[in-house]
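A quick write-up on the structure given underneath.
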Amino acid sequence: MWRDIILAFRHRAELFNPLIFFTMVIVLFPFAFGSDIGLLNRVMPGTIWITALLATNLSLEGIFRSDFDDGSIEQIILSGYPLTLLVIAKITAHWCLTGLPLIIIAMFTAFLLSFPEHVLQTLFFTLLLGTPVLSLIGAVAVALTIGLRSGGMLLSLIILPLYMPILIFAMLAVENKMAGMSVDAELYFLSGMLVLAMTLAPLATASSLRIRMS
Amino acid sequence: MLTPWLSWICALLLIAGLYGGLIYAPPDYQQGESFRIIYVHVPSAWMSMFVYVLMATAGGVGLIWHIKIAEVFAKSCAPLGASFTFLALATGSLWGKPMWGTWWVWDARLTSELILLFLYLGYMALQSAFDDRRVAARASAVLALVGLINIPIIHYSVEWWSTLHQGATVTKLDAPSIHIDMLIPLLIMALAFKLYFFTIVLIRSRTEILEYECNSKWVSDLLNETEVSK
């Protein structure tokens, strides 16, 4: 995992690209909708979430690409080192490098758009619980599509439907908070999805990698 | 071998179900005649989920025990399931126009069904992206299993979100809130849809296997046999 993070820091451009993309897309929205604060406040959480989905989606391929290209994944499978552990490390590294900074930037952009603070907290929690799930589910899809001819497009095709439930619950939480209701149920549900994804996704990713290598 | 039998029973049931649904069943006291679209809508919605579960199970079986038939079966399921899903969505929106006054609402059940359609499409896209059939089957089986978590979300979405879509009227255990004269044709239709699915899926799997094994001996033997008998 540390190796991945160090490697990522050596390729600084690649590391920052998704984050810059994220910020820029968010900045595009006020231009599209006008600078009316009330309207922006309403569409902002959705914007942040959708942009987070897209940014994760774009950065996902990096999880396995270099190792796939130079054949190290094959070597690791052959060496008998538990592939699941490696996958967990890779996903954690991916989340630390995209998910975490994404949340921080999301908070800043939300301040930029003078977002009400109590809702911001909910948004923060949904992102904190949701982005790891994005990385985890994404890893499975990446393992399935990496190295294919139309890999990038295909990746989005399979991954976005799987992301929808997370988006729905995150948005429900933010909406409930705006309406002054409790958000416990949605947050619990998101945590449930996180736990489920944490237990199952690494296994699925490892087995898909094996399938791809066979 | 089962195919002709299945298709005949299916045709009979389809006719019976259509007759019962379109002519025999009394019009609904609220919705009038247009409720009759449920005789297509509800069975295809059921089938859309049923086929997905079946497909994922077959995919899982193929993945674990490396049974080629299961892989082929899963692959043949996907386009059928996608068409059932599409049918459910299309008939639903045709019905929604006079009833809710709109073609589409962003209601949980509709949205989940749409997600299901996307899952099918993604599955088929992944299936066709590989050159090697075995790898394709196993890779997409993983995807189908991952997507399987979506099925309960679809099913329980009605309870979780308070929505515009009417609740289920048949599967309530105590007393179905649908009149028995309406229910019987509906069940017949559901059965007919199921048989239709099995007929087509068997034909598709057979074609698929023949295509896959087109270089092997038994296929050429089979071909020669049919030509001789002609």
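What follows draws every value from the coordinates through simple rules; no lab data is involved. The shown structure was predicted, so the numbers you read here are calculated from the model rather than taken from an experiment. Because the Cβ atoms are built from the backbone with ideal geometry, glycine has one as well, and the counts that use them run over all protein chains shown.
A few comments on the model shown:
- Surrounding net charge for A:Asn176, when Lys and Arg each add one and Asp and Glu each subtract one, Cβ distance under 10 Å: -2
- Computed log₁₀ I(q)/I(0) - Debye formula, equal Cα scatterers, no solvent, chain A, q 0.07, 0.10, 0.17, 0.18 Å⁻¹: -0.22, -0.45, -1.16, -1.27
- Net charge contributed by nearby residues that have their C-beta within less than 15 Å of A:Leu157 (K/R +1, D/E -1): 0
- Extension gain, A:Val195 to A:Leu78, is 39.2 nm, computed as 0.36 nm per intervening residue step minus the present C-alpha separation.
- If the Kirkwood radius is taken over C-alpha pairs of the range A:132-214, then at 25 °C and 0.890 mPa s the Stokes-Einstein diffusion coefficient equals 175 µm²/s.
- Theoretical FRET efficiency, 1/(1+(r/R0)^6), r = Cβ-Cβ of B:Ile149 and A:Asp36, R0 51 Å, to 0.05: 0.85
- Annotation for A:Ser66 and B:Val135: the two label points, set 7 Å from Cα along the Cα-Cβ direction, are 2.4 nm apart.
- Label-reachable residues, the range A:178-201, where backbone N falls under 15 Å from a point 7 Å from A:His118's Cα toward its Cβ: A:178-184
- For A:Val43, B:Val51, order by how many other beta-carbon atoms lie within 10 Å, fewest first: A:Val43, B:Val51
- Neighbours of B:Tyr120 by Cβ distance under 14 Å: Lys/Arg scored +1, Asp/Glu scored -1, total 0.
- The angle separating the long axis of helix A:37-60 from the principal Cα axis of greatest extent in chain A is about 0 degrees.
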